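The values are calculated or read from the model by the stated rules, or taken from the named source; none is laboratory data. As the structure is a prediction and not an experimental result, all values here were calculated from the model. So basically every Cβ, Gly included, is an ideal-geometry build from the backbone, and we count neighbours across all protein chains shown.
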Amino acid sequence: MFTKKIKLDVLIKNHFKPISTDRLALTERKFPDRVRSDLQKGLERFLGDGVAIRGFLGILNVYGNTMGIDFAGLLVKSHREYHPSPPVYDEVDIGEDRPIRCLKNGLWLLEREGMKFAVLMERRFQYERPEGIKVQVAALDDEHGLIETGKLFDLLEDAIETSVSYRGKILSLENNDMYTGESTGIRVHRLPSIDRDRVILPSRTLELIERNVLRFVDQRSRLAERGQATKKGLLFYGPPGTGKTHTIRYLAGALKGHTTLLIVAEQITLLSEYMTLARLLQPSLVVIEDVDLIAKDRREMSGPCEQALLNKMLNEMDGLNPDSRILFILTTNRPETLESALASRPGRVDQAIEFPLPDDRGRGRLVELYSKGLSVSDDVKREIVVRTAGVSASFIKELMRRCAQFHLERSDDGAVEIDDVEFALDEMLFSCGSLNRKLLGASIEGDNLCR
């Protein structure tokens, strides 16, 4: 539509004729980069609501990201670093079948009911790192111009508040490889849902989890009516491989309408950004895995940096309003190392739930769960249950995979035999020493129990 030969200042001035551009007022707002996709949707809604588009173009900035694009700068003849260009889009993954196209920068020359105005949008950068989205509106400095400007910003705010791009999904923030460690975007995790019958825990443990999470959420509005807090914190603890992360995936799928935010310990510096998202997208579930890495006892901390991270997390948990619809789930393999200020103060952690090693019944169910595609007789299953006392659920999962591998080396009839189990257990428990047993989730005393 436009060529490089056409100067931007001429385009803009011709659009506003007979009004002189010195009678225009510029109104600017800046939005965080993480809401980019919702901002794009809001802008498209505004442009489709009775607004006549008289011109649209991208802007080529000769100096790249080192200098931003400013409406006032576009009107100055001496500024030759800006040129009309085809619009450039990024494809942003929001967890749908197709990504959403988000404009990098653009200028719209618009008119509604005889009133002319213009909108400039730019994705800002600092040291090649996305800094945010800037939106400027140029309109006549009168009541009509203020009304039109207000319509756009109200609609953009509504798009961000409703946040249809990310609400109800499983998210984490992406780290920038710059020294700041700040996030550059949102990653949507496409995790397969976990059915309840795939959660192999003692019935009392599963009942405790569901009452403190699923049924708590079901009763949240009624609790609020009675003046009770609607935020909640839980601690999942137990040996590695006992199903803590697996259970969280089950809960994330069962909590319909909740947004799940997954935080690993090394991302705790981004906790403020995570909590901004949690409040924006509530009802939400905030998961901090391996919390002992940042919330260990102060007496074991090596310096002020570790204390600052702990205080940051405690302050964020304390700073939530009691009526926030936010659930915290913290996980740890070492509950004995946790800082008492986190582990023993109600309002931060309201319920600690132990994930024990599976009992005989649990190991039998795990064999059934992880022997998909194989035939395992009752006798072989009983032998596995007896020989695996003191192991984790993840150990059973790996055991069945190795049984399948030994079976395929011997035959292909699909029936696991006791020899397959013998070979697999020997390789996992005895051939490679105690370190291998630890890695696989078996107790060191396992060689007394598995012979």
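The table below gives the values:
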item	result
Pairs, first within 14 Å of residue 367 (Cα to Cα) in region 403-423, second of a type in the set (A, V, I, L, M) and assigned to a helix (DSSP H, G or I), C-beta under 6 Å, six or more apart	403/421; 403/424; 416/380; 418/380; 421/384
The listed residue being among the basic types (Lys, Arg) and surrounded by fewer than 20 Cβ atoms within 10 Å (Cβ to Cβ), out of 256, 244, 232	256
Members of region 213-255 that are farther than 22 Å from residue 312 by Cβ, of a type in the set (D, E, K, R) and touching a residue at least 40 places away in the same chain (Cβ under 8 Å)	220, 244, 249
Any hit, region 274-289, residues being surrounded by 17 or more Cβ atoms within 10 Å (Cβ to Cβ), among the acidic types (Asp, Glu) and over 22 Å from residue 321 (Cα atoms)	yes
Conditions (1) β-branched (Val, Ile, Thr); (2) buried (at least 16 other Cβ atoms within 10 Å of the Cβ); (3) within 22 Å of residue 19 (Cα to Cα); number of the one not met by residue 147	(2)
Boolean, residue 116 is more than 15 Å from residue 43 (Cα to Cα) and not in a loop (DSSP other than H, G, I, E, B)	yes
Residue list for region 29-46, restricted to those being surrounded by fewer than 17 Cβ atoms within 10 Å (Cβ to Cβ) and under 24 Å from residue 86 (Cα atoms)	30, 44, 45
Qualifying strands (runs of 3 or more DSSP E) (wholly inside region 283-386; at least 3 residues being in contact with a Ser or Thr (Cβ under 8 Å, 6 or more places away or on another chain), at negative phi and at pLDDT 70 or above)	284-288, 326-332
Boolean, residue 14 is modelled with pLDDT of 90 or more and out of contact with any Cys (no Cβ under 8 Å at 6 or more places or on another chain)	yes
Verdict on residue 427 being part of a helix (DSSP H, G or I), modelled with pLDDT under 90 and either in the same structural domain as residue 369 (by TED's automatic domain parsing) or within 18 Å of residue 238 (Cα to Cα) (or both)	yes
